[in-house]
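Report on the structure given below.
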Amino acid sequence: VQLQASGGGLVQAGGFLRLSCAASGRSFSSYAMGWIRQAPGKEREFVAAINWNGGSTYYADSVKGRFTISIVNARNTMYLQMNTLKPDDTAVYHCAASLSGIKGLYDHSYDYWGQGTLVTVSS
């Protein structure tokens, strides 16, 4: 089972990036999927989550209105569109999956955890 994140990079404040997370190795139809970030020297922070059918989403207050999470079931791929990026968004972004639903991801209860992709926002 693998969750492969990609799409990170260096961007100026106010810019945008789109992250992708490709899921493979099993069916994730019973899972919620999400993005968790960790900045240097800081604890993991919940960013956004979505259930597999895309019917429910949830965002951290810090990204609400700027980030959009989505999922394409046919591709087994989750996305995070990040607009109006701020230096505080600088972190390694990981994708994760939880059988406990969106709340499980918010509570940092993961069944699967992928390697991260680095997002750096310069001021």
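The table below gives the values:
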| read-out | value |
| --- | --- |
| Filter result for THR84 (within 13 Å of the chain's Cα centre (by Cα) and among the hydroxyl-bearing types (Ser, Thr, Tyr)) | no |
| Filter result for the condition that a residue is under 11 Å from the mean Cα position of the chain (by Cα) and more than 19 Å from TRP113 (Cα to Cα), over PHE67, PHE16 | PHE67 |
| Cβ-Cβ under 8 Å pairs, at least 6 apart or on other chains, the stretch 5-28 side in contact (Cβ under 8 Å) with a residue 40 or more places away in the chain, far side surrounded by fewer than 18 Cβ atoms within 10 Å (Cβ to Cβ) and among the charged types (D, E, K, R) | GLY7/ARG18; ALA13/LYS86; ALA22/ARG75 |
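Values quoted throughout were computed directly from the atomic coordinates according to the rules given, and no laboratory measurement underlies them. Predicted, not measured: the structure shown is a model, and the values here were computed from it. Backbone-built Cβ (ideal geometry, glycine too); neighbour counts: all protein chains shown.
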